Amino acid sequence: MMLPLLLGAAVTVVQAGVLIDGTGAPPKRRQAIVIEGGRIKAVGDAAAVSIAAGATLLDLSAYTVLPGLIDSHTHVFLQGEETAEGGYDANILQHGLAYRVARATVAARRALEQGFTTLRDLGTEGAGYGDVGIKQAVERGHIPGPRMFVATLAIGATGGYPLSGYAPELAMPKGVATADGALEARRVVREQIDKGADWIKVYMTYKSRVDREDRLVTDATYTVEELRAMVEEAHGRFRKVACHAYGGEGLRRALEGGCDSIEHGLDLDDAGVQRMVKQATWYCPTLGVYYGDWAAEDTPAGRRDRARVRAHEPSFRKALAAGVRIVFGTDAGGSPWTQPMAGEFEQMTRLGMTAMDAIVSATSRPAEMLGAKGELGVIAAGALADVIAVEGDPLTDVTALGRVTFVMKGGAVFKEPRH
């Protein structure tokens, strides 16, 4: 049977050597993707497609073709700040908004170059509602970048977020919106949604350290009642809530309060994992960011850094074995945007995830989390035409996902193979 080729003002046919469609289904060879008006019209065997005059043919028969990737945890307004250059605090105390916007613009482009056509960006870290502006500039074609789901300021409790360590009589600016009590928390959620937030980000834990037994412990912030108020407010306005939660009491409260996703989740206990499965909570572990920039081993910070990894690896394995819904996230910005984002795939597979499941964690699974099931993260009829191609077979060599040679977003080609 011949595939229909619907001719309009602009039809593109992508010929894929191997197609991984993002659903977890086995790959298919010699496939054709018919694109019109920024969406996929049909997908099928290349031999069954009749390419009509006037259609644009993109020959990717030498590559593996996949849906555009989704990074579920980024910060385009951070750059993995070096301590020698002022660290995190320099963003707020020294770098003006225009400077930070310029760097965020570069970060967005770098993500798209690497095949990430969608980002969930979880907080501007002191840059106000700048993420809304970046999102709008991308949507209106002023700058290249992924489509973005943004969280604006994010929300933290008093005493629960930098800047810290300054003279106590100084009222220092913060990297988040501060709210205390259920009523104030509701107001801040409403304000962020009014300003353009697609997600609400809440910090349920703050500082982590090691105890006398060298175990990771983390300070909790909000009460269950405070978080429930924020979740209720967000859900009433069709928004979801992402909770930064390392472990312990803060993570327990995040789950009891009904959050939609756990970010980082360094130290998951059995009860937490079981509750995440029961509540269908999403888990964005952001593994790779915790392996770099460790402090000296004989310092409190160094012991904390190593304890994080010791707790994180078994937590990820436990969640994976239990069937928790895991989504790909790099925390890019927490680490420099110059680092390859695909390195997270290597960490996930090293800890037991199959290459195919890792791909699903960055395609159809986060699309469902984002409320875009069938529209993002798949190569299928009706989906947005976000298409990438990589050199090699990512199912046998996951590092192939770092060799992106072609990027199409919404039917528009951003990057093509070099010949």
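Against the empirical 2.2 N^0.38 Å scaling, what ratio does the C-alpha Rg of the stretch 71-129 come to?
Ratio of Cα Rg to 2.2 N^0.38 Å: 1.13.
Could you list, bin by bin from short to long, the percent of Cα-Cα pairs of the stretch 1-100 in 10 Å steps?
Result returned by the calculation: 14, 31, 17, 12, 18, 7, 0.
Given 25 °C and 0.890 mPa s, how large is the Stokes-Einstein diffusion coefficient of the stretch 317-390 in µm²/s, with Rh as the Kirkwood radius over Cα pairs?
Roughly 182 µm²/s, to the nearest whole number.
Per residue of the stretch 65-82, in order, report the coupling 6.51 cos²θ - 1.76 cosθ + 1.60 (Karplus, θ = phi - 60°) as ³J(HN,Hα) in whole Hz, putting x for Gly and Pro.
With coefficients 6.51, -1.76 and 1.60, one gets 9, 9, x, x, 7, 10, 9, 8, 8, 9, 9, 5, 8, 10, 9, x, 3, 7 Hz.
Any idea which of Gly54, Ala383, Phe238 is furthest toward the positive side of the dipole for the chain, if Lys and Arg beta-carbons carry +1 and Asp and Glu beta-carbons -1?
The Cα lying farthest towards the positive end belongs to Gly54.
So how compact is the stretch 171-236: Cα radius of gyration and Dmax in angstrom?
So, for the stretch 171-236, Rg and Dmax equal 14.4, 46 Å respectively.
Mind telling me which of Gly165, Gly272, Gly86 comes out most flexible in a GNM of the chain, alpha-carbon contacts under 10 Å?
Gly165
Which entries in the list Lys135/Lys318; Lys174/Lys278; Lys278/Lys409; Lys28/Lys318; Lys28/Lys415; Lys28/Lys135 go over 26 Å, if you measure between the two C-alpha atoms of each?
Values: Lys135/Lys318 35 Å; Lys174/Lys278 35 Å; Lys278/Lys409 35 Å; Lys28/Lys318 32 Å; Lys28/Lys415 23 Å; Lys28/Lys135 34 Å.
Long pairs (Cα-Cα over 26 Å): Lys135/Lys318; Lys174/Lys278; Lys278/Lys409; Lys28/Lys318; Lys28/Lys135.
What nm distance separates the two modelled labels at Glu191 and Thr223, each placed 7 Å from Cα along Cα→Cβ?
2.2
For a quick check: with amide H placed at 1.01 Å from N, whose amide H comes under 5 Å from Ala62's, ignoring anything fewer than 5 positions away on the same chain?
Those lying under 5 Å, H to H, from Ala62 are Gly17.
Can you give me the P(r) profile for the stretch 103-150? Cα pairs, bins 10 angstrom wide beginning at 0, each as a whole percent.
Spelled out per bin, shortest first, that is 29, 62, 9.
Over the stretch 140-180, what portion of Cα pair distances is larger than 12 Å, expressed as a whole percent?
The calculated P(r) of the stretch 140-180 puts 68 percent of pairs beyond 12 Å.
Kindly rank 109-115, 330-336, 168-174 from highest to lowest mean number of other beta carbons found within 10 Å of each residue. Provide the component values of the computation, followed by the final result.
Values: 109-115: 22.1, 330-336: 24.3, 168-174: 9.7.
Answer by packing, highest mean first, reads 330-336, 109-115, 168-174.
In the P(r) worked out for the stretch 163-205, what percent of Cα pairs fall beyond 18 Å?
40
Name the residue farthest towards the positive end of the dipole of the stretch 294-393 from the options Ser361, Phe345, Gly323, assuming +1 on Cβ of Lys and Arg, -1 on Cβ of Asp and Glu, about the Cα centre.
Positive-most Cα among the choices belongs to Gly323.
Return the ratio Rg/(2.2 N^0.38 Å) for the stretch 209-292, where Rg is computed over Cα atoms only.
1.12
From the convex hull of the Cα coordinates of the stretch 347-419, what is the mean projected area in square nanometres?
Its average projected convex-hull area is 5.5 nm².
Specify the inter-centroid distance of the stretch 221-240 and the stretch 366-411, based on alpha-carbon positions, in whole Å.
32
Could you give the size of the charge dipole of the stretch 29-127 about its Cα centre, using +1 on the Cβ of each K and R and -1 on the Cβ of each D and E, expressed in debye and rounded to the nearest 20?
480
Using per-residue counts of other Cβ atoms within 10 Å, averaged over each peptide, order 383-389, 404-410, 75-81, 295-301 from highest down.
With the highest mean Cβ count within 10 Å placed first, the list reads 383-389, 75-81, 404-410, 295-301.
Amide H neighbours of Thr330 under 5 Å, at least 5 residues apart or on other chains, H built in the peptide plane: list them.
The list, which skips near neighbours in sequence, is Ser72, His73.
If you scale each eigenvalue of the Cα gyration tensor by 5 and take the root, what three semi-axes come out for the stretch 83-181, rounded to whole angstrom and sorted largest first?
Working: eigenvalues 155, 47, 24 Å².
Over the Cα atoms of the stretch 83-181, the ellipsoid semi-axes are 28, 15, 11 Å.
Using R₀ = 41 Å, calculate the FRET efficiency as 1/(1 + (r/R₀)^6) where r is the Cβ-Cβ separation of Ile143 and Gln274; round to 0.05.
Computed FRET efficiency for Ile143 and Gln274: 0.40.
With every protein chain left in place, what is the accessible area per residue of the chain in square angstrom, probe 1.4 Å?
Value for the chain: 42 Å² per residue.
What list of ³J(HN,Hα) couplings, whole Hz, do you get for the stretch 166-182 from phi and the Karplus terms 6.51, -1.76, 1.60, once you set θ to phi - 60° and write x for glycine and proline?
9, 3, x, 7, 8, 8, 7, x, 10, x, 9, 7, 8, 9, 10, x, 4
For the stretch 268-313, compute Rh as the Kirkwood radius over C-alpha pairs and then the Stokes-Einstein diffusion coefficient at 20 °C and 1.002 mPa s; write the answer in µm²/s, rounded to an integer.
Translational diffusion coefficient: 175 µm²/s.
Specify the residue with the greatest mean-square fluctuation among Ala242, Ala307, Ala84, computed from a Gaussian network of the chain linking alpha-carbon atoms under 10 Å apart.
Ala84
At a Förster radius of 30 Å, what calculated FRET efficiency corresponds to the Cβ-Cβ distance of Glu82 and Ala10, to the nearest 0.05?
0.10
Under a Cβ-only charge scheme (Lys and Arg +1, Asp and Glu -1), can you give me the dipole magnitude of the chain about the Cα centre, in debye to the nearest 20?
Roughly 840 debye, rounded to the nearest 20.
Using Cα-only point scatterers and the Debye equation, what is log10 of I(q)/I(0) for the stretch 287-352 at each q in 0.25 Å⁻¹, rounded to two decimals?
Those come out to -1.14, one per q.
I need the peptides 33-44, 130-141 ranked by packing, meaning the mean over residues of other C-beta atoms within 10 angstrom, with the highest value on top.
For the peptides 33-44, 130-141, the packing ranking is 33-44, 130-141.
Using Cα pairs under 8 angstrom and six or more residues apart, how large is the relative contact order of the chain, in percent?
Once normalised by length, the contact order is 19 percent.
Where in the stretch 123-152 is the amide nitrogen less than 19 Å from a point lying 7 Å along the Cα-to-Cβ axis of Ala98?
Counting only backbone N, you get 127-131, 133-134, 137, 143.
Computing the accessible area with a 1.4 Å probe over protein heavy atoms, can you report the carbon and sulfur percentage for the chain?
The nonpolar share, carbon plus sulfur, comes to 50 percent.
When the Karplus curve 6.51 cos²θ - 1.76 cosθ + 1.60 is applied with θ = phi - 60°, which whole-Hz ³J(HN,Hα) does each residue of the stretch 323-333 get, with x for Gly and Pro?
These are the phi-based 3J(HN,Hα) values: x, 4, 7, 8, 10, 6, x, 9, 6, 3, x Hz.
The values are calculated or read from the model by the stated rules, or taken from the named source; none is laboratory data. This structure is a prediction, so every number in the text was calculated from the model and none was measured. Here the Cβ is made from the backbone with ideal geometry for all residues, glycine too, and neighbour counts use every protein chain on show. Keep in mind that these areas ignore ligands, DNA and RNA; they rest on the heavy atoms of the full protein, side chains included. Shrake-Rupley method; radii C 1.70, N 1.55, O 1.52, S 1.80 Å.
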